[in-house]
1. Among the residues of region A:240-258, write down those that are within 13 Å of another protein chain (Cβ to nearest Cβ) and either farther than 22 Å from B:K108 by Cβ or of a type in the set (D, E, K, R) (or both).
2. Checking B:I277 against (1) within 14 Å of another protein chain (Cβ to nearest Cβ); (2) of a type in the set (A, V, I, L, M, F, W, C); (3) touching a residue at least 24 places away in the same chain (Cβ under 8 Å); (4) closer than 29 Å to B:E194 by Cβ, which single condition isn't satisfied?
3. Would it be correct to say that B:T352 is hydroxyl-bearing (S, T, Y), surrounded by fewer than 19 Cβ atoms within 10 Å (Cβ to Cβ), in contact (Cβ under 8 Å) with a residue 60 or more places away in the chain and within 18 Å of B:R60 (Cβ to Cβ)?
4. Quick check on region B:14-36. Is at least one of its residues touching a strand residue (DSSP E or B) at 6+ places or on another chain (Cβ under 7 Å), at pLDDT 55 or above, under 18 Å from B:T358 (Cα atoms) and not in a helix (DSSP H, G or I)?
5. If A:R228 meets every condition in (1) within 14 Å of another protein chain (Cβ to nearest Cβ); (2) surrounded by fewer than 23 Cβ atoms within 10 Å (Cβ to Cβ) apart from one, which number is that one?
6. Right, A:Q261: without any contact (Cβ under 8 Å) to a residue 60 or more places away in the chain and either under 25 Å from A:T173 (Cα atoms) or within 14 Å of chain B (Cβ to nearest Cβ) (or both) or not?
7. Does region B:410-462 hold any residues that are free of Cβ contacts under 8 Å to residues at least 40 places away in the same chain and within 22 Å of A:T69 (Cβ to Cβ), and which are they?
8. For region B:399-434, which positions are of a type in the set (S, T, Y) and more than 17 Å from the chain's Cα centre (by Cα)?
Amino acid sequence: MNKKDKKRNKPRRFRETLSVWLLLLPAVIVLYLMIWRPSVMGIVWSFFKMNGYTPTKFVGFQNYIRVVTNTEFWPVMFNTLKYVFWSFVVGFVPPVIIAFMLNEMMHARRTLRVIIYLPAILPGITILLLWYFIYAPDSTGMLNMLLAKLGMDPYIWLNDARFTILFIIIQMTWAGFPGTMFLYYTTIQGISSDLYEAATIDGAGPIRRFWNVALPQISGLLLLNVVRQMIGVFQVMQEPMVLTGGGPNGASNSVGYQLYQYGFVQGRVGQALALGTIVFVILIIATLFYFKLNKKVEDNL
Amino acid sequence: MKTKKTLLVLLSSALLITAFAGCSSGKKSDKNADGKSFISVGNWPAQNTTDTNYLETITRQKTEFESENPDWAIEPDTWKFDLDTFYSKAASRQLPTLYYSNFTEIGKIVSGEYYTDISAGLKRAGYEGKFNPAVLKLISNGDEIVTFPTDTYSLGIAYNVDLFKKAGLMNSDGTPKQPKDWNEVAEFGKKIKESTGKAGFAIPTMANCGGWLFTPIAWSYGVEFMKADKDNNYTATFNSQEMIDALQYISDLKWKNGIFLDNSLIDLTEYYKQFAIGNIGMILTAGNVTSQLVQYDMPLDHIGMMAIPAGPKKHITLTGGYTATIADGATDEQVDIAIKWLEKVGSGDVLTDSVKQTIETGYKRAADRNEAVGVESLSVWNSETEIEKFRKEVREKYVNIDLNHVKLYNEALSDTDIELQPEEPVCAQELYAVLDGIIQEILTNKNADIKGLVEKANADFQANYLNNLD
């Protein structure tokens, strides 16, 4: 197509795409009202002294200074990174393994698939209450009942400040793995059975099959999930809120929960917006990275 | 490409325009569709409520009110105070004209100016000098009166009568032995633990409630949390030996006396629940909580209430309450409607037949629902009013618990030796959060360095909050 044609085509192309734009319009309006506008307003207002949700005076970086100089800021940031760290140690590998195992199953695969997916269909608050009882530090806690059966003393679980975050991550992994697992599972299912058969004929056992056949096929997805999980866990909020209230003595407080405290408990809306913007910037960098990675992975497929 | 660009420009300008349109605020009309002046009233029960008695009562009151005042109307609004929605409601001017909240929120209401001054309206309705001066101080902002108090409470000790009996702590006349000071609470707690295996005493530790209930204990040890100079600059003053002693007391209850629950992370709901199901002997709480314990099926004859013990320095308790605020932008007439409506529902100082009926059905409903009736509460009024006398009469008619079990609390309400103190004047929630942290630390760490914790908390509280007051 030469340059002239391109120019002539233009108005026609807009008319052609008009229907597309119209179809997009409802989604654009919703995105605008629910995501774009609040995000922009949040960033703008974080530079204002807020009276409830009404901006009253431009104060420059004052809200940011207050957030960053708050003595809780760095401990809370560090805690949040701890959440991310433990989520990789505890939560990253099981979905992959389970997905592969499920794929290797000969019998009862369908039933197992449903059972394994069970945590994902429970409402979040139900899961948290369930784990509240599992972790209860007195003799009524489920884990402590097991310990008692083994003749051991009850343990204080979430009350142990050294491991509170780890225990919360175990809960989050339990609640969150089915979704991730199915991503892997469908990808593994998509691998040509020829490859498996060839590997099996060549004498490869399950471990070899996993390592040499399945893993190379899902490596792109693994990479993406590293970023996805980082973004997801960085925003952890309701788990510490319900299970520990951020305690003991702030040991499980997270950036998300701190933000909630600013915004909805202390009524420091300006500071909540400033901290929100800081988190937004951190996560947008991670997201850009994610998109770049995603493109690379898709190009390789 | 050009169209894309135009579209982008259009979109982003729309973004900006609406962004700033959000800052302006319209004025709400005070006339409804029939041209009558009206107010909307919050906390209205939903149409599908299970509490049909209450819905009937308030609907009757609305009908009567509107026929007695043909120019006025009441519009139900089911919104209840909730910090998750309060600020957005306030900013978009969607608050009910008359909305209820705890005293705790008065600071937020004042700093956001989400109220209409009712001092002139109260004068017109003849309320000058009628409020209890201590309460009046809490609801005032300079010369303005911010809100209309409907209930006030003070903290005491709720105890489980059954556990007290088993521990030999009941007198023969049905009254409990009253712990005179906090050390006796520890003694009593040990007796309960030894004879029943249950926790003797407890304190919540989460969602700012630990700090809230710890403040009266600290006051009784002589702690002063903050001081204001004449320019209203606040200084944190709780890095003191008194504070260390008060916290040492809490630590000893856990580690030396061993009378606390095993779980050191409990919120207020869990605290009440554990008490109601008989796992705790004594808790620090407001008297009106006794009526809520029915939701955990606490037997009525197990419910008891007594006075707060004295500390080494003071005999003091915390007082708070529930209050009705008229949202900002209300007209004088709306203020008059609101005050008249509060009188109609029995919160004012007017005793009519209708109010009598309301009080009667209120207590009957409580008794029908098996809520404990018999614990009294502080009065918002300066002197004993007709309505208070009537309330007392009706309450006595519907009493369903052993009055001897709650006698010591009811008597303590008028005991002038017990000082009443409201919450700390500024950053109370933030202070509670800081105290929650310390309490969690000392309850989960046997060797916690209390002195260091207090020092750090005092400095943090000053730097994070008191230095940022505005």
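The values are calculated or read from the model by the stated rules, or taken from the named source; none is laboratory data. It should be emphasised that the depicted structure is a prediction, and the values quoted were computed from it without experimental measurement. Here the Cβ positions follow ideal geometry from the backbone for every residue, glycine too, while neighbour counts run over all protein chains shown.
1. A:P240, A:V242, A:L243, A:T244, A:G247, A:P248, A:N249, A:G250, A:A251, A:S252, A:N253
2. It is condition (3) that B:I277 fails.
3. no
4. Within region B:14-36, none of the residues are touching a strand residue (DSSP E or B) at 6+ places or on another chain (Cβ under 7 Å), at pLDDT 55 or above, under 18 Å from B:T358 (Cα atoms) and not in a helix (DSSP H, G or I).
5. So the condition that A:R228 fails would be (1).
6. In short, yes.
7. B:E430, B:G437, B:G452, B:K456, B:D460
8. We begin by selecting, within region B:399-434, every residue of a type in the set (S, T, Y); these are B:409, B:414, B:416, B:432.
Within region B:399-434, B:Y409, B:S414, B:T416 qualify.
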